[in-house]
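To keep things clear, I will list the structure first and then write my remarks on it.
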Amino acid sequence: MMQIPSATRKSGYGRGPQTPNAALTEVGPGTPGGEYLRRYWHPVALSSEAERAPRRVRVLGENLVIYRDGGGRVGLLHERCAHRGTSLYYGKTTDNGIRCCYHGWLFDAEGHCLEQPCEPGGGAHRDKVTQPWYPVQERYGLVFAYLGPIDCMPPLPRFDTFENPAPGGQIWPERDTAASCFLDSAVSIDVVPYNYFQYWENILDTYHVKILHNTFTDVAQFPGVLALDFRVEWELLSDGVLAHSYRDVDGRVLHRISQCTLPNIVAIGDLDGRAGNARRLNWIVPVDDVGWISFGISRGKQQWNDSDAVALTPDGKTWSQMSESERQRYPGDFEAQSSQGKITLHSEEHLGRSDKGVIMLRRLVLKQIAAMREGGAPVRLGDGDEALVRVRGGGFYDDAASPPSE
Amino acid sequence: MMQIPSATRKSGYGRGPQTPNAALTEVGPGTPGGEYLRRYWHPVALSSEAERAPRRVRVLGENLVIYRDGGGRVGLLHERCAHRGTSLYYGKTTDNGIRCCYHGWLFDAEGHCLEQPCEPGGGAHRDKVTQPWYPVQERYGLVFAYLGPIDCMPPLPRFDTFENPAPGGQIWPERDTAASCFLDSAVSIDVVPYNYFQYWENILDTYHVKILHNTFTDVAQFPGVLALDFRVEWELLSDGVLAHSYRDVDGRVLHRISQCTLPNIVAIGDLDGRAGNARRLNWIVPVDDVGWISFGISRGKQQWNDSDAVALTPDGKTWSQMSESERQRYPGDFEAQSSQGKITLHSEEHLGRSDKGVIMLRRLVLKQIAAMREGGAPVRLGDGDEALVRVRGGGFYDDAASPPSE
Amino acid sequence: MMQIPSATRKSGYGRGPQTPNAALTEVGPGTPGGEYLRRYWHPVALSSEAERAPRRVRVLGENLVIYRDGGGRVGLLHERCAHRGTSLYYGKTTDNGIRCCYHGWLFDAEGHCLEQPCEPGGGAHRDKVTQPWYPVQERYGLVFAYLGPIDCMPPLPRFDTFENPAPGGQIWPERDTAASCFLDSAVSIDVVPYNYFQYWENILDTYHVKILHNTFTDVAQFPGVLALDFRVEWELLSDGVLAHSYRDVDGRVLHRISQCTLPNIVAIGDLDGRAGNARRLNWIVPVDDVGWISFGISRGKQQWNDSDAVALTPDGKTWSQMSESERQRYPGDFEAQSSQGKITLHSEEHLGRSDKGVIMLRRLVLKQIAAMREGGAPVRLGDGDEALVRVRGGGFYDDAASPPSE
């Protein structure tokens, strides 16, 4: 069919440079965004993954190895041996550290060089050598690491939802990257190949649930309460943003809270609207500028993840079972976020009122970075010596709240 | 065998930087070459490929999607949604446009934002948002697009050879990249991985036919009239260059004309020397600086392509059937042009009189780019309101012409 | 297990830029390191590999082709034809040169353009065209090339250990990259993917044999004499460095000499401690900044290589038979050196007394490069018109030397 285009309406010609907001996307050492991220603890492995055989860890653009020595102590060291750079991935753990394969230099978890077997006297000057190391702490079955300046190291936070598990309940840690991104734990992927912020900010994007996850195709990904109409308000906290959504469920109001806590923490209520505090927390950990992984903790009588096998097609296939053509036709978060680019181009966006939560979160992060530029510090998580963080995420049946009237 | 090299003749040492002529090779937005290319219409798909399911199109370094809406209108839009950058490849066509999967924004073919479902009132400010778009027109079974400034948009040319098909004749569009480059339509390739100019200028390189295609190996790729000796003259037009070659065929003179029309159009006579105007046109469309594809149109009673299964080896194999060792031994255009590099290095060339057609074509293109630098415009194709282009390519038995006497 | 990190010891935070010493690692044309390397002859192929069918050669960052013409003369030319850049890999050798496939230009081994078939008179100006070429000489079954300035071309060295083979002995050239690096000639690899200097300097690293190769895992890679304790001294020569190691073998002293001769030559004694001059020489040839290959020559009654099938695991597997997990657990030279990086980061090293040989070698190379910066030349190999190099490597039972008493 022939169409004659108008010769007046400005087209895509002449767009000029298209750029990300680097402060939001950069995670590497020495970058404003990377320095901000480094002021917080990040999970880098499950406790069960820290074992005798060294394991590679890439986080915030740095290549590290993690191991557990014979005394049970976990070490997280820069991968390249301080001697001549051979990787400690090929090293051997000992009772008190890790030994490099090349010349046998032995290091402990604070990077002390304990032995230099080929040097006179086992290394008369070994005290002058430090293997770059990072402090770690284990909690909730995860190993957390702090990659920032030691003199600014905050306490490792506690999260109230995990501090007093119900009788018979346990804490279940998992590496849940695939489930987080593909709604299918069977997807075989180590690192999701785009910038972490594109996933994390999406948690406060309440409206996309209605479209992408429920009405865009003929398959509702989250049927049930999440398919109902809602009213949403966002609330700014000192250390994060909450999305309060309200839905009429059989005459009662379901008040769900989705929580993003700096720098990359997520707490949301059950997807089926079950009442109660969030029983799952997630950390969206930047591997580098173009990749992220996810660690989750849930609490309960058994391991649980309500995102790990969601049907996306009319014939009930999950992501790992779908063809490219089906993924084009039945997109989910992975398609929507990865196609923004490995690093999205903020300069090209046109944000609306429905993006208010995303805007608030970005501004809160930029505020931390600006404070640091002025010589200050980003907000600390939690209260008191225990750095106890109040988890607000969850689903609450609140008869007093206004029903969704918009 | 021992050989003692002379110590006097300058070797390959000390060559200095080796560079392309960027004005000829660059195709991206904002580059001199790219801005020149953008003043012309380029085919981006077959009409049959513009359908409900969006299709990715990469052209002149830009990532777009093409679709046909329920009303039959073809849209060609920048891939990244104007909202927050999600790809419209995952979008859904409607009666009048395409809807993004993430938040449901709806756009039409001129980038008007028709709906913002998550915004109050369906988007009170949606008129302020334009999805970057390009005008398209369909002709001869192809979808043509114009990526330049709207106020300079020329008419979509017509080509006289296709305007009045003979009785019973039809126009046959095809995506003929593999046949163009490998002389074998069975080669499975989307984009030929080198700069388009290296293929296009070769059309005027009459002499290589004699060597590469006919005498270099013991298999003549184009036996028949193309194997005969020839005399060649090149003719400069305002919008292209013609190569006039003359061969003695059983006492008559076969006058073949190979035509390159700006910016990337090809018209040549049948390879077997059949008389008549070119019954095939090709467009060598730059995908980006390091890739191109080809669209062809032929006319006749049936689909026809005389390059789609040429035997290159003594045992009659076509390119897709050959081993790496056979391709080394029986090279064709792909080998000769791709090995110049993804982008050839013009600084290293030594051109001769046999390159005159290539030289004329390069100068003509550089002249357009220079004119634009001075605030002018490149030459427009075709005459009159219909922009009718006279196709000169073809094979003509011309008793009056001089037989090849060189 | 909970560990509370001290908040005082400086961690890996704030490390600053990490860089290689570019003078040691760069091999390309025009770089200080590359210019130094270019003053020497390098093997580029076995004589048996220089045959009618052209073969690609990449050396010191340059892309070349090698061929042997009908008259037996070996040519080594830049890959891209001087006409318009088509690769001579697709060329055809003739009695006296190589002909390009595109337009048939014919070149000889000194880059003379002999024919331009498509030009008037076969090319009236062909004498003005030079195909970039490099002089070659064959010796010991290898083809050596010189990529430096012709007026500085040294004689091709001779090596005394190969000049007078014992009766019944022969010279055996081989491309032994896999054996050199993986201790397993069955590994299928063309180029080892890291900078050549990381392999070459390791030859003088006597101490790593004790750790990496013999005690680090529960499998001694070089059992026998190399597993014995040793004393080592390094000796600086004008053109290289020697590592003298002394071991007590059943009451006699085994004095092994490992020799690195500029710019990339290796001569060591048999790994089983057999007495005699080195019967193998190796050249560690840089392909580019991030890759190397190895050519070896051995002498004897038959082809011999004592590195070509070393068991690395308790169940006797060689490298090509091992899984990734086994390679992590039983590392060898490839793991130790490749994990330093494609190009190691000298800025991060902490060298000790056991690195003395490596330090001496690096300083010797840097001294050559500094001399060239001042307008001088690097040291020439060998003595006299025949440039005879005295090979010092080997194993010698020396009753007069001090037994290892350290």
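No lab work stands behind these numbers, since they all come straight from the coordinates. What you are looking at is a predicted structure, and each value in this text was computed from that prediction instead of being measured. Every residue, glycine as well, gets a Cβ built from its backbone with ideal geometry; the counts of neighbours run over all protein chains shown.
What order, most packed first, do the peptides C:109-122, B:263-276 have when packing is the mean number of other Cβ atoms within 10 Å of each residue?
Result, highest mean Cβ count within 10 Å first: B:263-276, C:109-122.
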Requested in this report: Go through A:Leu64, A:Thr19, A:Leu76 and say which Cα lies farthest out towards the positive end of the charge dipole of region A:16-146; charges sit on Cβ, +1 for Lys and Arg, -1 for Asp and Glu.
Outcome: A:Thr19
Report task. Let me know the whole percent of all Cα-Cα pairs from region B:83-140 that are separated by more than 18 Å. Result -> 30
Requested in this report: Run through the other copies and list how far each one's label point is from that of C:Gly224, in nm with one decimal, shortest first; the point sits 7 Å from Cα along Cα-Cβ.
Outcome: 6.9, 6.9
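May I ask for the Kirkwood hydrodynamic radius of the protein assembly as shown, worked out over all distinct Cα pairs and given in angstroms to one decimal? Present the calculation step by step, with values, prior to reporting the outcome.
Working: mean 1/r = 0.0286 Å⁻¹.
In the protein assembly as shown this quantity evaluates to 35.0 Å.
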Report summary line: Per the helix-only model, the protein assembly as shown has a calculated mean residue ellipticity at 222 nm (DSSP H runs of ≥4, -39500 (n - 2.57) each, divided over all residues, rounded to the nearest 500) of -3500 deg cm²/dmol
**Report entry** Within straight-line cross-link reach of A:Lys92, aspartates and glutamates at Cα separation under 15 Å, skipping those fewer than 8 residues along the same chain
**Finding:** A:Glu51, A:Asp69, A:Glu79, A:Asp108, A:Glu115, C:Asp218, C:Glu326, C:Glu335
Query - Within region C:335-393, GluC sites (Glu not before Pro) in DSSP loop having at most 14 other beta-carbon neighbours inside 10 Å - result: C:Glu374, C:Glu386
**Report entry** Directionally averaged shadow of region A:336-401, computed from the convex hull of its alpha-carbon atoms, nm²
**Finding:** 8.6
Report summary line: Residues of region A:138-175 with backbone N under 20 Å of the label point set 7 Å from the Cα of C:Lys10 along Cα→Cβ are A:146-154
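Which shape class, rounded, prolate or oblate, goes with region A:37-92 when its Cα gyration tensor gives a ≥ b ≥ c as root eigenvalues, a/c under 1.5 marks rounded, and past that a/b bigger than b/c marks prolate?
It comes out oblate by the Cα gyration axes.
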Report task. Over all alpha-carbon pairs in region C:177-332, figure out the percentage whose distance exceeds 21 Å. Result -> 48
**Report entry** region C:258-342: projected area of the alpha-carbon convex hull, averaged over directions, in nm²
**Finding:** 7.2
Query raised in the report: What average count of beta carbons from other chains do you get within 10 Å of the Cβ of residues in C:101-113?
Result: 5
Report task. State the antiparallel share, in %, of DSSP beta bridges confined to chain A, rounding to the nearest 5. Result -> 95
Query raised in the report: Say a paramagnetic label sat at a point 7 Å from the Cα of B:Ser47, along Cα to Cβ; which residues of region B:169-187 have their backbone N under 17 Å from it?
Result: B:169-175
**Report entry** Estimated dipole of region A:81-138 in Debye, rounded to 20 [Cβ of Lys and Arg +1, of Asp and Glu -1, Cα centre]
**Finding:** 260
Query raised in the report: At C:Ser238, with labels set 7 Å past Cα in the Cβ direction, how many nm apart are the copies from this one, shortest first?
Result: 7.5, 7.5
Query raised in the report: Expressed as a rounded percentage, what relative contact order does region C:293-380 have, with Cα pairs under 8 Å and six or more residues apart?
Result: 11
Requested in this report: Rounding to the nearest 20 debye, state how big the charge dipole of the protein assembly as shown is about its Cα centre with +1 on each Lys and Arg Cβ and -1 on each Asp and Glu Cβ.
Outcome: 1080
Query - Student exercise, chain B dipole from Lys, Arg, Asp, Glu Cβ charges, in Debye to nearest 20 - result: 600
Report summary line: Helix B:356-373 sits off the longest principal axis of the Cα atoms of chain B, rounded to the nearest 10 on a 0 to 90 degree scale, by 30
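What is the mean number of Cβ atoms from other protein chains located within 10 Å of the Cβ atom of each residue in peptide C:68-80, rounded to a whole number?
Partner-chain Cβ atoms within 10 Å, mean over residues of C:68-80: 2.
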Query raised in the report: Where a ≥ b ≥ c are the square roots of the eigenvalues of the C-alpha gyration tensor, would you call region C:227-290 rounded, which needs a/c under 1.5, or, failing that, prolate if a/b is larger than b/c, or oblate?
Result: prolate
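Can you give the Rg to Rh ratio of region A:124-174, both from alpha-carbon atoms, with Rh computed by the Kirkwood formula?
In region A:124-174, Rg relative to Rh is 1.18.
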Query - Per-residue mean of C-beta atoms belonging to partner chains within 10 Å, peptide A:131-143 - result: 3
Query - For region A:121-225, the Rg and Dmax computed from alpha carbons only, in angstrom - result: 21.2, 74
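Estimate the FRET efficiency between B:Ser188 and C:Ser320 by the formula 1/(1 + (r/R0)^6), using the beta-carbon distance for r and 30 Å for R0, to the nearest 0.05. Display every interim value, and only then the final one.
Values: r = 32 Å, r/R0 = 1.06.
After rounding, the FRET efficiency stands at 0.40.
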Query raised in the report: Say R0 is 51 Å: what FRET efficiency, to the nearest 0.05, do B:Asp151 and B:Glu235 get from their beta-carbon distance?
Result: 0.95
Report summary line: Cys residues of chain B with no disulfide-compatible partner (no other Cys Cβ under 4.7 Å) are B:Cys101, B:Cys113, B:Cys118, B:Cys152, B:Cys181, B:Cys260
Report task. Compute the label-point distances linking C:Gly121 to its equivalents in the other copies; points lie 7 Å from Cα along Cα→Cβ; give nm, one decimal, shortest first. Result -> 8.3, 8.3
Report summary line: Rounded to whole angstrom, the alpha-carbon centroid of region C:6-65 lies from that of region A:277-317 at a distance of 45
**Report entry** Pairs of Cα atoms farther than 25 Å apart, region C:28-152, %
**Finding:** 23
Requested in this report: For chain A, calculate the relative contact order in percent as a whole number, restricting contacts to Cα pairs under 8 Å that are 6 or more residues apart.
Outcome: 20
